[in-house]
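In what follows, a single structure is set out as structure tokens and then discussed.
The values are calculated or read from the model by the stated rules, or taken from the named source; none is laboratory data. Computed from a predicted structure; not experimentally measured. Here Cβ is always computed from backbone atoms with ideal geometry, including for glycine, and neighbour counts include all displayed protein chains. Side chains are part of the model used for accessible areas, which takes the heavy atoms of the whole protein and leaves out ligands, DNA and RNA. Shrake-Rupley method; radii C 1.70, N 1.55, O 1.52, S 1.80 Å.
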Amino acid sequence: VRIFLAEKGIEVPTVQVDLGAGEHLTDAFRAVNPHCTVPVLQLDDGVSIFESTAICQYLEEAHPEPNLMGRDAEERAVIASWHRHVETDGFLAVAECLRNNSKRLQGRASTGPDNIDQIPDLSERGRKRAKAFLARMGRRLDTQPYVAVDRYTIADILLLITVDFAKWIKEDIPEQFSGMHRWHEEASARPGSVE
Ligand SMILES: N[C@@H](CCC(=O)N[C@@H](CS)C(=O)NCC(=O)O)C(=O)O
């Protein structure tokens, strides 16, 4: 969401929530988002939007340019397909690996209000899925410049986050995929990106 805002050139007031200190599990934060996750967009009328993709959808409608989610039905569907693919097969695979073996996340194998125990085998499975995903995207970005269509979109933003998140489990873009390395360098130099 932070990168999406920067791409749009929008500034909104923000409040940092200290996850390390468990601030997202407090009653005060639950009143804003009972699912205990960040980010959450709180509107002036008090309504909370608590899923990143839904927040981006709201921002896209309020600030259509530059377009990041598709200009017509076909583009929107193609971009949404890739975005969802990156989320389920990439981002969530890395999260599965990290959350099921990090000492800091013991008892917190899932986000959310409930404490879920880690399953080490799931960590291994997450790593295998993450590796396969990175190679798959490497093959794709060797033949085309962006993830979904012929310009930078929300699908590229999520892949950028996923590649950088994968460093937490010590996985990276395999060396042979020069197209994806070029893509990552370019994406990292865009607005809102921080290593
Ligand atoms: N489905 C949510 C997931 C958001 C999410 O996983 N947020 C993480 C930080 S990146 C979180 O709030 N973690 C809290 C925790 O680990 O308990 C979205 O896409 O916005």
### Task
Within segment 161-176, count every residue that is more than 13 Å from PHE133 (Cα to Cα) and open to solvent by less than 40 Å² (accessible area, probe 1.4 Å).
3
#### Entry: Near pairs, Cβ below 6 angstrom, 6+ apart or cross-chain, from segment 33-53 (under 17 Å from LEU19 (Cβ atoms)) to any residue that is hydroxyl-bearing (Ser, Thr, Tyr) and open to solvent by less than 50 Å² (accessible area, probe 1.4 Å)
ASN33/SER48; VAL40/SER48
### Failed criterion for THR143 (all others in (1) part of a loop (DSSP other than H, G, I, E, B); (2) open to solvent by 70 Å² or more (accessible area, probe 1.4 Å); (3) within 12 Å of the ligand (Cβ to nearest atom) hold)
(3)
### Query
Only one of (1) touching a Phe, Trp or Tyr at 6+ places or on another chain (Cβ under 7 Å); (2) within 12 Å of the ligand (Cβ to nearest atom) fails for ASP89. Which number is that?
(2)
### Which numbered condition GLU96 fails, given (1) under 15 Å from the mean Cα position of the chain (by Cα); (2) surrounded by fewer than 21 Cβ atoms within 10 Å (Cβ to Cβ)
(2)
### Query
If you scan segment 2-48, which residues turn out to be within 20 Å of ASN67 (Cβ to Cβ), within 12 Å of the ligand (Cβ to nearest atom) and open to solvent by less than 40 Å² (accessible area, probe 1.4 Å)?
PHE4, LEU41
### Verdict on ARG129 being basic (Lys, Arg), open to solvent by 10 Å² or more (accessible area, probe 1.4 Å) and outside any helix (DSSP H, G or I)
no
